[in-house]
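The values are calculated or read from the model by the stated rules, or taken from the named source; none is laboratory data. Here the structure is a predicted model, which is why all the values come from computation and not from measurement. Cβ placement follows ideal geometry from the backbone for every residue including glycine, while neighbour counts extend to all protein chains displayed.
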Amino acid sequence: MNLSSIIESGFKEIWAHWFRSLLTMFGVILGVASLVTMSAFVKGKENLLKDSLAESGGLERIIVDDNDDLPDYQKHLEDEANGMTLKDVYALQKNAPLVYNVTPVIEKRSYRGSLRVSRKGKRVRYASVKGTWPSLMEIEEHELEHGRVFSDMDDLLANTVCIIGTQIRNDLFGEYDNQGEEIVPIGEKIMINYIPFKIIGMFKQYMSEEDRKKKEEARAAGQTVARPDFRAAYMSGDRQSGTAMRIYSMKNSTIMIPINTLVSKLDSDYDRGSNMDRSLSKVAMKIYDVSTLEKSLQQVRNVLMQTHKGLEDFEFETQEGFAGDINLSIQNERISGMFIAGICLLVGGIGIVNIMLSSISERVREIGIRKSIGATNMDVFLQILTESIVIAVAGGIAGLIVSPILVNTLASFADNTTPPVMTAFAMAVAFGFSVITGSLAGLFPAIKAAKLDPIQALRYD
Amino acid sequence: MPLLELRDIHKTYHLGGETIRALDGVSLDIDSGEFISIIGPSGSGKSTLMHILGCLDTPTSGTINLDGMMIHDASARQLAAIRNKKIGFVFQFFNLLPKLTVRQNVELPMIYSGLSGKERRERAMNSLSSVNMEDRSKHRPSQLSGGQQQRAAIARALVNDPRIIFADEPTGNLDSNTGVLILEMFDKLHQEGRTVMLVTHDPEIAAVTPRRIEIRDGKIANEIDPKLAGEIPKFGQSK
């Protein structure tokens, strides 16, 4: 008996009991659909987290922070610990060849009260003013959309110029003017701690792919769209998505000014002489190759131990922890989703076993007849197995058809979660599992049918 | 050399500690082209004999040579192939598959011998026309009378051109007029040179065949063979 006639007879048999077969398929449909849906949501979250990791500089970004907590044996030298200074930056530029773009950063944040960003009575809710060099733009993945970057001359002369993020623009100028055009406030003045700064550049708006799509759709429809609410996501327990969304929000609230401008114009409390000794919030840099992360950290540490007279008053902040957290949580969600889908498929498989067993007990006589006219045990085995696989495959295909509907429905119910991403790979895996389920489920009934004694089967009523 | 050669066939069953000798030393030669009936009351072992001859069952001991093949120790797979190619069955209850049309039923043995769809259709139609059923090929068995169903079953038995046809009470489920028509059909097959074996409990039906073998308690109790006797005695007198 050749394969095509086996499959043909399998389809006929299933069509003859189409309602029963459909009910049986539901288990497989649910299993496949839940597998695809689960992986779509996990993939969506993974994409957002990975994007936000890249958005904050990727794994190549290293930050050296102050660390006030000296090791015990150095506690008595606390007064000597100056933290990071520009001297360290120059030393690293010269002596640490595994890193590049070594950049000093002094950061002031509005919510600490020491900073006030305003214009004509309007005040920015949250701003992060960073006195730095333009090379920070590459490290923190900033892109300038309008205007220019400040020059070395701006830095040297401590010019009061700034580059702003779109959120600052939104708070002080509004996003769109009366004609619906985007407002580009290049050349305008804003007040930082009552000192006027000229806006010379503006970054592009940072947002996740999905938010970008939503915004464009809303623009096309002539509506405004609410800002993605990272606080809601954070509070509702999805901490990582909240963190990821906050990265976008924080980038949009950046104001970048030359570091000398910050020290000489905004540092009212600084009175210790040379700018070279001004302690920095942090030193940011990039490594050339992620695989040399350990070596690079060691090299930076060696240089800093020289400039800090052996005092270990600094610590490294890498994104490895964040990346590890991402992988761990994605893995956990994947496993729990797989578990649920696996149970669905198992239940579906048991349903198939059940229906095939009752089907063969209805068809004992048919099997006897087939054997009497020359069907081998293998022919009977393959016939029953094929019917079971056909049910499972049909269920799998139906599950694949249902899953986009399910994904979209669930996504529309849950606004705060990350948008799901369906992948061909997940669909292929789900379909493969349905085939395996069908094969395993058909095995036992098929063996039972093949073992039937033809004489007994012919007598059976 | 005979078509079927049985030597000292035994078949024993064990039912609840009791040993049942369904066949107890049967030896038999059947030549190609013979028309034979096996007769005996129920429980005599005639069905067991037919099952063993028809390769549905294997004997406990003894040898069977069918058309040059020793089938008493053949594997299940070989037996299936022999049933498919060398043996045709006609049953009391017709045993057509109700979900298939008459033509699909007749095609069934050829599906298992791996013929192409086109060849299957041609041969099925030829076989159906030899039993005058070609105009019913698209009907389902449930739409046919008993006699028509049995003719379809005969067409199915013939379709792979078997060496021997076994008919197990072929008229048992038919009225007497239709039964006679079916028996005439077997006679016609015999005239065409086919080997046909009827299995029945009814001496009147057995009377249509020249050679009759009576089974009782698993043994050949009586045999009427025109080759040996020269004439056909009326059945029942020789007892």
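Run down A:SER241, A:SER253 and say which single residue is modelled with pLDDT of 75 or more, crowded, with 20+ Cβ neighbours inside 10 Å, touching a helix residue (DSSP H, G or I) at 6+ places or on another chain (Cβ under 6 Å) and not hydrophobic (A, V, I, L, M, F, W, C).
Exactly one of A:SER241, A:SER253 is modelled with pLDDT of 75 or more, crowded, with 20+ Cβ neighbours inside 10 Å, touching a helix residue (DSSP H, G or I) at 6+ places or on another chain (Cβ under 6 Å) and not hydrophobic (A, V, I, L, M, F, W, C), namely A:SER253.
Counting just the residues of segment A:2-14 that are surrounded by fewer than 16 Cβ atoms within 10 Å (Cβ to Cβ) and within 10 Å of another protein chain (Cβ to nearest Cβ), which one comes out farthest from the chain's Cα centre (by Cα)?
Residues of segment A:2-14 surrounded by fewer than 16 Cβ atoms within 10 Å (Cβ to Cβ): A:2-4, A:8, A:11-12.
Next, only the ones that are within 10 Å of another protein chain (Cβ to nearest Cβ) stay: A:2, A:4, A:8, A:12.
Details: A:ASN2: 49, A:SER4: 46, A:GLU8: 46, A:LYS12: 47 Å.
In this case the residue turns out to be A:ASN2.
Mind listing whichever residues of segment B:191-239 are of a type in the set (Val, Ile, Thr), in a strand (DSSP E or B) and at pLDDT 85 or above? Can you show your working first?
First pass over segment B:191-239, keeping only residues of a type in the set (Val, Ile, Thr): B:195-196, B:199-200, B:205, B:208-209, B:213, B:215, B:220, B:224, B:232.
Filter again for in a strand (DSSP E or B), leaving B:195-196, B:199-200, B:213, B:215, B:220, B:224.
If the condition is that a residue be of a type in the set (Val, Ile, Thr), in a strand (DSSP E or B) and at pLDDT 85 or above, then B:THR195, B:VAL196, B:VAL199, B:THR200, B:ILE213, B:ILE215, B:ILE220 are the ones that fit.
Please enumerate the residues belonging to segment B:94-110 that are within 9 Å of chain A (Cβ to nearest Cβ), more than 16 Å from the chain's Cα centre (by Cα) and not in a helix (DSSP H, G or I).
B:LEU97, B:PRO98, B:LYS99, B:LEU100
Can you confirm whether B:ARG83 is part of a helix (DSSP H, G or I) and in contact with a strand residue (DSSP E or B) (Cβ under 9 Å, 6 or more places away or on another chain)? Talk me through it step by step, then tell me what you get.
Values: part of a helix (DSSP H, G or I): yes; in contact with a strand residue (DSSP E or B) (Cβ under 9 Å, 6 or more places away or on another chain): yes.
Considered against the rule, which asks whether it is part of a helix (DSSP H, G or I) and in contact with a strand residue (DSSP E or B) (Cβ under 9 Å, 6 or more places away or on another chain), B:ARG83 comes out as yes.
Taking helices (runs of 4 or more DSSP H) that do not extend beyond segment A:90-208, which have at least 3 residues that are touching a strand residue (DSSP E or B) at 6+ places or on another chain (Cβ under 7 Å)? It would help to see each step written out before you state the result.
On the way: elements: A:136-139, A:152-156, A:166-172.
Where helices (runs of 4 or more DSSP H) fall fully within segment A:90-208 and carry at least 3 residues being touching a strand residue (DSSP E or B) at 6+ places or on another chain (Cβ under 7 Å), they are A:136-139, A:166-172.
Hey, does segment B:126-134 have a residue that's within 14 Å of chain A (Cβ to nearest Cβ) and buried (at least 17 other Cβ atoms within 10 Å of the Cβ)? Break it down stepwise before answering.
Quick first cut of segment B:126-134, residues within 14 Å of chain A (Cβ to nearest Cβ) only: B:127.
Subset that is buried (at least 17 other Cβ atoms within 10 Å of the Cβ): B:127.
So far as segment B:126-134 goes, yes, one or more of its residues are within 14 Å of chain A (Cβ to nearest Cβ) and buried (at least 17 other Cβ atoms within 10 Å of the Cβ).
With the checklist (1) in a loop (DSSP other than H, G, I, E, B); (2) within 14 Å of another protein chain (Cβ to nearest Cβ); (3) surrounded by fewer than 17 Cβ atoms within 10 Å (Cβ to Cβ) in hand, flag the one item B:ARG77 doesn't pass.
Failed condition: (1).
Across segment A:387-401, what is the number of residues that are in contact with an Asp or Glu (Cβ under 9 Å, 6 or more places away or on another chain) and either among the hydroxyl-bearing types (Ser, Thr, Tyr) or surrounded by fewer than 24 Cβ atoms within 10 Å (Cβ to Cβ) (or both)? Don't jump to the end; show me each part of the working.
Taking segment A:387-401 first, the residues in contact with an Asp or Glu (Cβ under 9 Å, 6 or more places away or on another chain) are A:387, A:390.
From what's left, either among the hydroxyl-bearing types (Ser, Thr, Tyr) or surrounded by fewer than 24 Cβ atoms within 10 Å (Cβ to Cβ) (or both): A:390.
Going through segment A:387-401 one residue at a time, the tally reaches 1.
Within segment A:154-195, restricting attention to residues that are among the hydrophobic types (A, V, I, L, M, F, W, C) and over 13 Å from A:VAL117 (Cβ atoms), which residue is surrounded by the most Cβ atoms within 10 Å (Cβ to Cβ)?
A:ILE163
Within segment A:26-70, work out how many residues are more than 17 Å from A:MET427 (Cβ to Cβ), aliphatic (A, V, I, L, M) and in a helix (DSSP H, G or I).
Going through segment A:26-70, the residues more than 17 Å from A:MET427 (Cβ to Cβ) turn out to be A:26-27, A:45, A:48-70.
Narrowing further to those that are aliphatic (A, V, I, L, M): A:48-49, A:53-54, A:59, A:62-64, A:70.
Pick out the ones that are also in a helix (DSSP H, G or I) and you get A:48-49, A:53-54.
Summing the residues that are more than 17 Å from A:MET427 (Cβ to Cβ), aliphatic (A, V, I, L, M) and in a helix (DSSP H, G or I) in segment A:26-70 gives 4.
Among A:ILE360, A:ILE350, which is within 30 Å of B:ALA157 (Cβ to Cβ) and either within 14 Å of chain B (Cβ to nearest Cβ) or not charged (D, E, K, R) (or both)? Don't jump to the end; show me each part of the working.
On the way: A:ILE350 fails: within 30 Å of B:ALA157 (Cβ to Cβ).
Just a single option satisfies the conditions, and that option is A:ILE360.
Only one of these is modelled with pLDDT of 80 or more and away from chain B (no Cβ under 14 Å): A:ASP68, A:ASP88. Name it.
Values: A:ASP68 fails: modelled with pLDDT of 80 or more.
It is A:ASP88.
So in segment A:122-142, with the set limited to residues that are closer than 20 Å to A:ILE287 by Cα and within 25 Å of the chain's Cα centre (by Cα), which one is surrounded by the most Cβ atoms within 10 Å (Cβ to Cβ)?
Going through segment A:122-142, the residues closer than 20 Å to A:ILE287 by Cα turn out to be A:132-142.
Keeping just the survivors that are within 25 Å of the chain's Cα centre (by Cα) gives A:136-142.
Working: A:LEU136: 20, A:MET137: 19, A:GLU138: 16, A:ILE139: 24, A:GLU140: 19, A:GLU141: 14, A:HIS142: 21.
Step by step, filter segment A:122-142, then rank; the result is A:ILE139.
Quick check on my filter: what residues within segment B:29-60 are within 14 Å of chain A (Cβ to nearest Cβ) and of a type in the set (Val, Ile, Thr)?
Correct list: B:THR48, B:ILE52, B:THR58.
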